Structures are given as C-alpha cells and as structure tokens.
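Enquirer: Here's a structure for you.
The values are calculated or read from the model by the stated rules, or taken from the named source; none is laboratory data. These numbers come from a predicted model, not from an experiment. When we count neighbours, we look across all protein chains shown, and the Cβ atoms used for this are built from the backbone with ideal geometry, even at glycine.
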Amino acid sequence: MKKTEKYKIKFSILFEWYFLFFSLYSAIIHSYYFSQMSSKKFSLPIILLTILLDIIGFGLIIPSLPFIIRGFGLGEHWVGITFATFSIGMFLGGIVFGRLSDMYGRKHILMMTSFLNMIGYIFFAFAGNIWFFMFARFLSGLGGAGMAIGQAYISDISTPGDRTKNLGMTGAMFGIGFTIGPVLGGLFGNGSHLILGLAAAVIIFLNFLIIAFFLPDIKNKHLEVSEESVSPMDFHHHKKQIYILFTLTFLLSIGFSAMQTTFPLLLADRFSFHEKEIWYLFGFIGIIAIIYQGFLIKYVRKILDERGMILFWFSALILSFSLFAVNPFFLGIFVIALFPLGQGSINPAIGSLHAHYAGKEVGKALGTNASMLSLGNIVWPFLAGYFYLIWNGAPYIVASIFFLIAFLFVFFGLRNVEKR
C-alpha cells in the first residue's frame, strides 16, 4: 500500500472519530442548555435525549452482530442464541427495575441501568470467546430495561391528552437512533467488535452523565405505590386489560424478532446486499420512523384512538409481512416502509393504555411490558433461525400469523380509554 493511501486511511479514521465525539459533545451542551432554562419544561427533551443515546449505542452494533458471530466461526443459529441471551437479561431487568422505579424514583434506576449497559459494552469490546461475548450481551440486556423506565418517566410528566403523542416521540428517538447508530457502525466499526463495543460504551457513559447531572428527579405519585403487590403480574385495577396489553406486546415481539434475527441475512442471501448496504438500509428505516413518529403520528391520533391505531397497524403488518415472504424486491421495500410505521404506532398506543389502566403502578406495568417484549425474543429467535434454513420467507409468514392472533385479541377483548 502506498504511503499516500495509508495517510488517507489514517485521516479518514481520525475524521470519523472527531465527528462522533463532536456530535456527542454537542448533544451534552444542548441538554445542559435546556436543563438550565427550566428543568420542568425541558425534562421531556432531556429524557428523550437519554433514550436516543441508548438506541444509538444499541443500533451501533446490531447490524454487525451476525457477521461478528460468523467471525467466531459459528453458524447462523448462534445469532438467535445471542439475541435470546440479550432478551433474557432485558426480561429480568424489566421486571426488577420497573418495580424499583415505582418505589424509589425513575432517575436513580435509570442511572443504574445505564451503568450496567456501559459495562456490558466494555465486556463486548474485549470478548475473546463466544461465552464472554454472550455474558456481555446479557449485561446489556439488563441495562436495556432503562428504556422502559424512560417511558414511565415520560408518562409521569405527560397529561392524558398528550401521553400518546409524547410516547410516540420515543419512537422517533428509535428512528433517529437506528439512523445514526448503524451508519456510525458502518463508518467506524468495519466489523470489529472491539471498536464497536468501545464506541457504544462511550456513548452510554455520556448518557449516564446526562442522567446524573441534567435529568430532573421528579417527585411524583409513583412514589406512593403500595408495597402489597410485589408480583410483577399483580395489579390492583384493570387486570384483564393490562394482561391483554402484555399479550399484544408478546405477540408483537415474536413477529418483529423474526425480522431482527434474519433480516440482515435475508438481505445478504436474497438480494446480495453487503454489510455497509445493510447499515444504510437500517438508516432508511430510521428516517421513515423519524418522519412518521416525530411529525405525523399526532395527526393519526386525531383520527384514530389507541385501540383503532393498534387494529389498523396490525392489519398493515399482516399484509406486509405476508407479501415480503414471496420474494420480489419491490415488495421488500414495501414491508421495510411499513415496519417502522406499524411499530411506531402500536408501541406508543400500548404504552398510553398501560399508563391509563395501571395508574400508580405504571412503572411496574411498563417494566413488565418490556419483559414481555423480551420474552418473545428468548425462544423465537432459535425457531426463526431454523425456519430460515428451511425457507427464508418462512419466518415472515409465521410472524404474520402471530400478528393475526394479536389483531383478534384487540378486536374481541381490548377496551379503549374512556372519553374524558
């Protein structure tokens, strides 16, 4: 290699790292500016920023996971095992930390989950074998429960009228995170879990600092929760409706885990996509999510109530996943567009209904809801990997069946929030 080419590569790497740290530094300065002006007024943008940084760290490594697994010399089914390990951690974390946030406040538990997440990424970076790598994913799964605590925080500071819209903004943060994260992963990572892990750890460490120094520690009604209902599945009011919402989240997670587990492999095997093209496609998905969840969902909410949103988007997902299984690329683009729209509508609607029905136990409800989301990701990735080996469209057909079951649960069992 010529010296000029070496210098170009070194300059490119330095410029990319400068871009990363400058972006994160700017995010911290802006959050500090907001917090100084009015802690109550700007608590929403600050908590949204912490959720965004969490998702950037998560999105940084997700597109590369299948290729890192292959780098360990292991087969595709280990991708499902890795996702399941993360989900086991998130399942346990959601149950434990959701309840603790109701008892001791959101901020302290968010700091705890952020610290666990950071340690997980550090272990991820230096993992020398698959078992240490899996332990790192388990720790990050425990810390990943902080996203549900962030949603509970948003519910605390929202009025009933704007709760769905504000929870929808968390979906916009997912979109931005999955736009920035995969692109940064493509720029900096080059498939190296050392670089990707350290970059994610730095992002989560900055997130920890923002939570510790800038996020207002709200004193709200969640601190009044009774000690009587210790079980994560025991609620004082509206148990049937809360259980239906848990079931919807579980079925939704099964459908989406099929896409998360097999989608990068499907793009590579069916459409001959390379790793960076997959990163950029994830960025495209994120842009759609940003536009819809950040700007359009409030108009949809004016037309449809929470139950109507869930019914409509489950119908769209049934159609899109079924079409994607039959192979043509333009149908693939169709399902790629509907994926963030459906997820970005159903999740905020479920979160808003949880806040209404759970009342003071909203932290426990959203934490357990996150656990239900993880529960579907524990077993199903194993099966999705094997279905994929039989026929690469099979996971999407099976996912559409689970979406149909969820649609029937909503249609026959779920009540909407009473008009206020």
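Enquirer: Here's a check for you: in segment 376-408, which residue that is more than 25 Å from Ile88 (Cβ to Cβ) and part of a helix (DSSP H, G or I) is modelled with the lowest pLDDT?
Expert: Let us first name the residues in segment 376-408 that are more than 25 Å from Ile88 (Cβ to Cβ), namely 390-393, 397, 400, 404, 407-408.
Next, from what is left, pick out any that are part of a helix (DSSP H, G or I): 390, 397, 400, 404, 407-408.
Numbers: Ile390: 85, Ile397: 89, Ser400: 89, Leu404: 93, Phe407: 94, Leu408: 94.
Once the filter is applied, the top-ranked residue is Ile390.
Enquirer: Can you name the number of the only condition in (1) in contact with a Ser or Thr (Cβ under 9 Å, 6 or more places away or on another chain); (2) modelled with pLDDT under 85; (3) surrounded by 20 or more Cβ atoms within 10 Å (Cβ to Cβ) that Gly144 fails?
Expert: Going through (1) in contact with a Ser or Thr (Cβ under 9 Å, 6 or more places away or on another chain); (2) modelled with pLDDT under 85; (3) surrounded by 20 or more Cβ atoms within 10 Å (Cβ to Cβ) one by one, Gly144 breaks only (2).
Enquirer: Considering only segment 53-74, I want to know if a residue exists there that is within 26 Å of Ile180 (Cα to Cα), in contact with a His (Cβ under 7 Å, 6 or more places away or on another chain), part of a helix (DSSP H, G or I) and β-branched (Val, Ile, Thr).
Expert: Here is the first cut: in segment 53-74, the residues within 26 Å of Ile180 (Cα to Cα) are 53-71.
Subsequent filtering for residues that are in contact with a His (Cβ under 7 Å, 6 or more places away or on another chain) retains 68.
Still in the running and part of a helix (DSSP H, G or I): 68.
In the following step, the residues that additionally are β-branched (Val, Ile, Thr) were identified as 68.
Yes, segment 53-74 has at least one match.
Enquirer: While we're looking at this one, here's another question. Of the residues Asp217, Asp156, only one is under 21 Å from Ala365 (Cα atoms), at pLDDT 80 or above and not in a helix (DSSP H, G or I); which?
Expert: Of Asp217, Asp156, the one residue that is under 21 Å from Ala365 (Cα atoms), at pLDDT 80 or above and not in a helix (DSSP H, G or I) is Asp217.
Enquirer: Quick test for you: out of Phe178, Phe174, Phe124, Phe132, pick the one residue that is free of Cβ contacts under 8 Å to residues at least 40 places away in the same chain and either assigned to a helix (DSSP H, G or I) or under 30 Å from His354 (Cβ atoms) (or both).
Expert: None of the others qualify; the one that does is Phe132.
Enquirer: Quickly run through segment 186-212 and pick out the residues that are at pLDDT below 75 and assigned to a helix (DSSP H, G or I).
Expert: Gly186, Leu187, Phe188, Gly189
Enquirer: If you don't mind, another one. Can we say Ala136 is more than 21 Å from Gly344 (Cα to Cα) and of a type in the set (A, V, I, L, M)?
Expert: yes
Enquirer: Filter segment 305-363 for residues that are at pLDDT 85 or above, crowded, with 20+ Cβ neighbours inside 10 Å and either at positive phi or among the charged types (D, E, K, R) (or both) and give the result.
Expert: If the condition is that a residue be at pLDDT 85 or above, crowded, with 20+ Cβ neighbours inside 10 Å and either at positive phi or among the charged types (D, E, K, R) (or both), then Glu306 is the only one that fits.
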